[in-house]
Structure formats: structure tokens, C-alpha cells
Amino acid sequence: LDDRLGVVSFTVAGLHHAQVAAILSYEGGICVRNGCFCAHPLIKHLLNVTPDQEATFEAAIRAGDRSAVPGAVRASIGLHNRLWEVEHLLAMLRLIAEERWQGDYHLDAATGEFHPRGYRFDFSHLPGF
């Protein structure tokens, strides 16, 4: 067990990493990081980004469009986390994989972030709130 970390990076097939992160945040109250995590060469390798794709992404970024930047979602689990929090993350990932989220998420191309329109989640029923 000495060689393990409480970190997992993942993608959800067919969904933008920023949308997955937004749903986890807005609807699940779960804080994750998305993007390349300051590990661009590794993420590009893991996602099989070709040099041509990389050039296209870089040109779009220079033009102010971050909508297609590749990446993943990273969840970190620390000593302070409880089992129910891990179970809540897994339940939210199942909900996302089954496309059962509630918000109407829209991409801000300039930032590459997703935000729900006309939707506010009530976190008061979640444990710990």
C-alpha cells in the first residue's frame, strides 16, 4: 500500500472534460480539477493527441477559443475524505455516464468552461451541509 496515491484521472466517453467537472461541481458539490493538470505532454500522450491536432488546438487558443482543448478530470482523495464522499463521487459519475444530469450546460468558448443556464442546485440535502 505504500506505493499508492489518492488521485484518479479519468474521462467520460463522449463528454468534454470541462462539462464533467461542471456537473460534478454544480450538481454534486464535488470539487475536481480538469484540463491538463500542468502535465501537458503526459495528457497529450495519454489522449493520443497527434502533432496536427496539437497545432490546431494551439491555433484556436491563440485565437481566443479554448472549447476543444483536450484534457481529463482529476479527483483527489485525502486522509480527510470519508467513504460516503467516495461513494457520492461514484454515484455522480454513474449519473453522468447515463446522461441523467439536471442542468442545461453551455460552453464558454473563451474560457473552455461549462456553466448551467437557469439552474441552481440545492446542496442543503447533502451530508455535511
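The values are calculated or read from the model by the stated rules, or taken from the named source; none is laboratory data. For clarity, every value in this text was computed on a predicted model and none was experimentally measured. Here the Cβ is made from the backbone with ideal geometry for all residues, glycine too, and neighbour counts use every protein chain on show. The protein model used for the area step is the full one, side chains on, heavy atoms only, and it has no ligands, DNA or RNA in it. Shrake-Rupley method; radii C 1.70, N 1.55, O 1.52, S 1.80 Å.
With all protein chains kept in place, the per residue accessible area of the chain amounts to 67 square angstrom at a probe of 1.4 angstrom. Taking Lys and Arg as +1 and Asp and Glu as -1, the other residues whose beta-carbon sits under 14 Å from that of LEU107 total -2. Compared with the dominant principal axis of the Cα atoms in the chain, helix 17-28 is inclined by about 20°. Over the chain, DSSP H runs of length four or greater, each weighted -39,500 (n - 2.57), average out per residue to a 222 nm ellipticity of -11000 deg cm²/dmol. For the chain, the dipole from Cβ point charges (+1 on Lys and Arg, -1 on Asp and Glu) about the Cα centre works out to 140 debye, to the nearest 20.
In the chain, the longest principal axis of the Cα atoms and the axis of helix 51-62 are about 80 degrees apart. In this rough spin-label picture, where each label sits 7 Å from Cα along the Cβ direction, the ALA110-ALA68 distance is 2.1 nm. Among ASP52, ASP65, ASP108, which one moves the most in a GNM of the chain with springs linking Cα atoms closer than 10 Å? The residue that fluctuates most here is ASP52. In the chain, the portion of solvent-accessible area held by carbon and sulfur atoms comes to 54 percent [1.4 Å probe, whole percent, DNA, RNA and ligands not counted]. Spatially, the range 54-82 and the range 14-31 are offset by 12 Å when compared through their Cα centroids.
Across the range 10-78 the C-alpha pair distances fall into 5 Å bins from zero in the proportions 3, 16, 23, 26, 17, 9, 4, 1 percent. In the set [x] 21, 16, 14; [y] 28, 16, 14; [z] 27, 20, 11, which value of semi-axes √(5λ) of the Cα gyration tensor in Å was calculated from the structure you see? Here semi-axes √(5λ) of the Cα gyration tensor in Å agrees with entry [z].
Within the listed set PRO116, PRO70, PRO41, the residue fluctuating most in the Gaussian network model of the chain (springs between alpha-carbon atoms under 10 angstrom) is PRO41.
Please give the FRET efficiency for GLU98 paired with HIS40, using the beta carbon to beta carbon distance and R0 = 30 Å, rounded to the nearest 0.05. The pair GLU98/HIS40 has a calculated efficiency of 0.45.
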